[in-house]
1. For the chain, just list the percent of Cα-Cα distances falling in each 10 Å bin from zero outward, please.
2. Add +1 for every Lys or Arg and -1 for every Asp or Glu among the other residues with Cβ under 13 Å from the Cβ of residue 2, and state the total.
3. Sequence-distant or interchain residues sharing an amide H contact under 5 Å with residue 153, placed H: which?
4. Can you find, among 69, 8, 50, the residue farthest towards the positive end of the dipole of region 1-149? Put +1 on the C-beta of Lys and Arg, -1 on that of Asp and Glu.
5. Just from its helices, what would the mean residue ellipticity at 222 nm be for the chain, if runs of 4 or more DSSP H residues each count -39500 (n - 2.57) and the sum is divided by every residue, rounded to the nearest 500 deg cm²/dmol?
6. Under a Cβ-only charge scheme (Lys and Arg +1, Asp and Glu -1), can you give me the dipole magnitude of the chain about the Cα centre, in debye to the nearest 20?
7. State the answer as a single residue: which of 125, 114, 34 lies farthest towards the positive end of the charge dipole of region 2-139, with beta carbon charges of +1 for Lys and Arg and -1 for Asp and Glu, about the Cα centre.
8. For residue 11, tell me the accessible area in Å² from a 1.4 Å probe, rounded to the nearest 10.
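The values are calculated or read from the model by the stated rules, or taken from the named source; none is laboratory data. As the structure is a prediction and not an experimental result, all values here were calculated from the model. Using ideal geometry, Cβ is built from the backbone for each residue, glycine included, and neighbour counts are taken over all protein chains shown. The area values use the complete protein model at the heavy-atom level, side chains included, leaving out ligands, DNA and RNA. Shrake-Rupley method; radii C 1.70, N 1.55, O 1.52, S 1.80 Å.
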Amino acid sequence: MTHISVTVDGTAYEDEVEPRLLLVHYLRDHLGLTGTPIGCDTSNCGACTVELDGASVKSCTVLAVQADGGEVTTVQGLARDGEWTELQRAFHERHALQCGYCTPGMIMAARDLLRENPHPGSDEVRKALEGNLCRCTGYQNIVRAVLAVADGETAAGERTGSAQEVTA
């Protein structure tokens with residue numbers, strides 16, 4: 001067993017874990033944060049994407065011990081006082097989900113894109129999300145949701161602010 005200290009969604013945790021335990025299993029099985037799904041166990045689908053020290057990672061490719069001393073943000077840690085972020089709202093309002101299985105990973109990867117490039121074009125959104133697979137939607141509404149946040153729009157067409165403000 002290996003001792004780790006990690007902050008997840010703003011809460012500090014200290015645990016003893018098997019050195020081979022994947023971060024996704026630590027989040028789900030040890031912390032009960034089941035909002036990060038296990039999609040494929042092969043790093044192909046991206047459903048398990050989280051942020052580790054501010055960068056999106058597929059949590060099925062990271063060992064929990066590699067997160068020692070780090071900060072992890074899951075999709076469950078995005079909402080503040082029960083209020084969704086603009087990106088979460090855009091996914092909902094623009095029907096960018098169907099079964100919802102890929103949605104946590106899509107949102108986390110889109111946050112990473114918008115942090116690096118607050119005003120991406122359609123092709124840039126598609127490129128940034130190509131490591132995240134959706135079996136239901138055909139991606140059109142996902143791309144529209146990300147572009148709406150980048151453009152600072154709500155579903156009603158209202159302006160909300162910059163992408164950097166809404167992903168923080």
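1. Here the calculated profile for the chain is 11, 41, 33, 13, 2, 0.
2. Details: positive: 20; negative: 14, 15, 16, 18, 68.
That works out to -4.
3. 160
4. 50
5. On the way: 5 runs with 45 residues, N = 168.
It lands at -7500 deg cm²/dmol.
6. Around 640 debye, computed over the chain.
7. The one lying farthest along the dipole's positive direction is 125.
8. Roughly 60 Å² of residue 11 is accessible to a 1.4 Å probe.
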